[in-house]
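Every read-out reported here was derived from the displayed coordinates using simple, explicitly stated rules and does not represent laboratory data. Since this is a predicted model, take the numbers as computed values, not measurements. Cβ atoms come from the backbone with ideal geometry, glycine included; neighbour counts cover every protein chain shown.
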Amino acid sequence: MLEQQMRSSESLNEKLLKAMEEIPEGTKWKTCIQCGTCGGSCPTAYAMDYSPREIFALIKAGFIEKALKANTIWLCASCYLCTVRCPKGIRQTDVMYALKNFASENNLYPENSTAPVLAHTFVDIINKYGRNSEGELITNFYLKTNPLGLLKSAPLGLQLMAHKRMSLSQKKIKGYEDIKKIIDKTKSMGGA
Amino acid sequence: MEYLYYPGCSLEYTSSAYNDSSKAVAKALGVELKELEDWNCCGSTAYMSVKEFMSFAIAARNLAMAEMQGYKEMVAVCSGCFTTLNKVTRYMNLHPEMKKEINEALSAAGLKYDGTVMVRHFLDVLVNDTGIDAVKKNVKKPLTGLKAAAYSGCQISRPYGTFDNKEFPTKLDEILTAAGAEATYFPLKARCCGGMLMTTSEEVGLKMAKELLECAVKYGAECIATACPLCQINLEAYQSKINSKFGTNFNMPIFFFTQLLGKAFDLPSDNLGLRKNLIPTEKILAGVK
């Protein structure tokens, strides 16, 4: 009974499987043999609620919320070590990206996780200028997650500014309208 | 020799020293880095995390512009941009459906990309096009006695390994050695610096950077040479925080490898952005015999 309650609904399950299939070589993850090479290689696995191998097993068994509400996927720093080592040739880092995309679309995040906030803040800035503005990214990120953190990181910000390594202003690129058109088009295509 | 050059967002401010020193080193070697006009963000790991297709589409704008100008190659110095841009081309060519969709998105801006532009890392160009011999010939003040850990990082050779080993890259060591420095043993040379985790999971990020610094010190390095903006800033800007958290006393200069190479070429420090380094470099560079 408990197990059934924890399993995700059929529709969420199907939706995720479909989303994962849409990425290049999207069905390959199903061939995972649970060897644990990924977790054994991962530099952040020690801090994860579930190792990457366990995330694969959870998804296979239909525990989608449990998998996505764990901190695992947001601790993936995209270093691709698991990808180059996987004996089944699964592009694990890409699977992590697919899961992050799905989590964002379905608003399924681990509690207190700030990584999705940073990613969304980054997207907003690129959509605004066409390029990143590191000063604005960090400022907006801390305002949304931890205003006190902004104060704490101010000395580093000032130090970077004194060394001409930080600017709070960014200009739109000339082809800004083109970026906007590309983004609007992808939205109309239903892609994200 | 002229190459089309893609600097990337980090090179505008936080890592402008990498931009300065790469251009200075290239010029000394007779290589011109011609900036892709009006480039935009490569997509990066952050954008890819929430809107993957959109990130591929905007990244493809850069590649489309390069292709339309007749280029077959483009040079990046940021390892993140290098991997991300190559990922787009690779996936488009492996998956015709994706190629079609990306072109549909690009068409809204009057652009088209056939997937013919190969993005190369500046380190690859130095080692394989210019060549180690040409680099050596330009060394006027060899970095004799300087013990440097060659920190390649992850994105430079993973996942594709286009020009270096995926798990134990050595090209950066070769360049440092050519510059007269001693590339110390550095077993964590391809380990992740933590990337954006320094901002989103500080505990994890600090531990990763600390382990890298510790490993460099353990095998006798007095400084670290990097080939990626994120590696450089994570290892340099957070050293004092690492020291107060772990009770360590790191004070290790973190260079872009092009800064060290430029020093060996005897180029003016201002052209190498050395004053932008947060941890002073004068002492260690003055010690070079």
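Observations on the structure shown:
- Ignoring aspartates and glutamates fewer than eight residues from A:K171 along the same chain, the ones with Cα atoms less than 18 angstrom from its Cα are A:D124, A:E134, A:E136, B:E12, B:E35, B:E37, B:D38.
- Over chain B: helical MRE at 222 nm, DSSP H runs n ≥ 4 each giving -39500 (n - 2.57), nearest 500: -13500 deg cm²/dmol
- A simple packing score, the average count of other Cβ atoms within 10 Å per residue, orders the peptides B:154-163, B:198-207 as B:154-163, B:198-207, with the highest score first.
- Counting Cβ atoms of other protein chains within 10 Å of each Cβ in B:90-98 and taking the mean gives 2.
- Among B:166-179, A:158-171, the order from most to least packed when residues are scored by Cβ within 10 Å on average: B:166-179, A:158-171
- Shape class for region B:145-258, computed from the alpha carbon gyration tensor (a ≥ b ≥ c): oblate, with a/c not under 1.5 and a/b at or below b/c.
- Under a 5 Å amide H cut-off, with hydrogens placed 1.01 Å from N, B:Y5 pairs with B:K34, B:E35, B:L36, B:V75 among residues at least 5 apart or on other chains.
- When peptides A:7-15, B:52-60, A:58-66 are ranked by their average number of other Cβ atoms within 10 Å per residue, the highest-first order is B:52-60, A:58-66, A:7-15.
- Counting, for every residue in A:158-171, the Cβ atoms of other protein chains within 10 Å of its Cβ and taking the mean gives 4.
- The mean count of C-beta atoms from other chains within 10 Å of the C-beta of residues in A:38-44, rounded to a whole number, is 3.
- Extension gain, A:E21 back to A:A154 (0.36 nm per residue minus Cα-Cα distance, nm): 43.5 nm
- For region B:231-238, Karplus couplings with θ = phi - 60° (6.51, -1.76, 1.60), whole Hz, Gly/Pro x: 4, 4, 6, 5, 7, 8, 6, 9
- The 3J(HN,Hα) values that the Karplus relation (6.51, -1.76, 1.60; θ = phi - 60°) gives for region B:213-226 are, in residue order, 5, 4, 5, 4, 5, 3, 9, x, 6, 9, 7, 10, 10, 10 Hz. Gly and Pro appear as x.
- Net charge dipole, the protein assembly as shown: roughly 480 debye, given to the nearest 20, about the Cα centre with Cβ charges of +1 for Lys and Arg and -1 for Asp and Glu.
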